[in-house]
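Student: My questions will all concern the structure given below.
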Amino acid sequence: MWDLKRLFQKHACDINRFLRKRGHRPDVAADLTQDVFLRMLTSAPPERDDNPRAYLRRVARNLSVDLYRREHLVEKADLLGDEYDGVPDPAPDPETIAHDRQRLAIANQALMELPERTRRAFELYRLGDMTIAEVAAELNLSVSRTWSLIHHAYQHLRIRLKDGGD
């Protein structure tokens, strides 16, 4: 059984940062962070309790998805002929799809241009849901060096996307 007070003291900031990285406003991230620990208090303990941080992040991710779904529910209505024709299609148009695919290809190419260690640091941080300290430990680097590599990757991507891949 976990000591909830100790878990909160140790992991609340990490969970809050985790939620903000996923696009939640600071006030929403703070509320969701509290909800994570409330869920821990009111639910049955997990079968395996050897990694509380991973469990907390999974709960946070689930609560985040639930909130997103609740906020994006659309009331359905029966529309007739002319009413239906006036409803805009939320799907992106073909030009937007082509533009987004082109930018994705440019970003992918830009990542491939990076040195292996720089690319790996960036991928672990942005795509692997790891903190900079965790990436540093994984790559056996200092935190400051790891941040420098990630910063370099961001700069490279920004330049390549701004230039349009040229």
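Student: Of the numbered conditions (1) free of Cβ contacts under 8 Å to residues at least 60 places away in the same chain; (2) within 21 Å of the chain's Cα centre (by Cα); (3) at positive phi, Asp129 fails exactly one; give the number of that condition.
Tutor: The single condition Asp129 does not satisfy is (1).
Student: Would you say Leu19 is at pLDDT below 85, of a type outside the set (Val, Ile, Thr) and either assigned to a loop (DSSP other than H, G, I, E, B) or outside the structural domain of Leu127 (by TED's automatic domain parsing) (or both)? Walk me through how you get there before you give the answer.
Tutor: Numbers: at pLDDT below 85: no; of a type outside the set (Val, Ile, Thr): yes; either assigned to a loop (DSSP other than H, G, I, E, B) or outside the structural domain of Leu127 (by TED's automatic domain parsing) (or both): yes.
Criteria not met by Leu19.
Student: With a cut-off of at least 3 residues that are at pLDDT 85 or above, name the helices (runs of 4 or more DSSP H) lying wholly within segment 22-99. It would help to see each step written out before you state the result.
Tutor: Values: elements: 26-42, 52-71, 81-85.
Ranges flagged: 26-42, 52-71.
The values are calculated or read from the model by the stated rules, or taken from the named source; none is laboratory data. If you're wondering where the values come from, they're calculated on a predicted model, not measured in any experiment. All Cβ positions, even for glycine, are placed from backbone atoms using ideal geometry, and neighbour counts span all protein chains on display.
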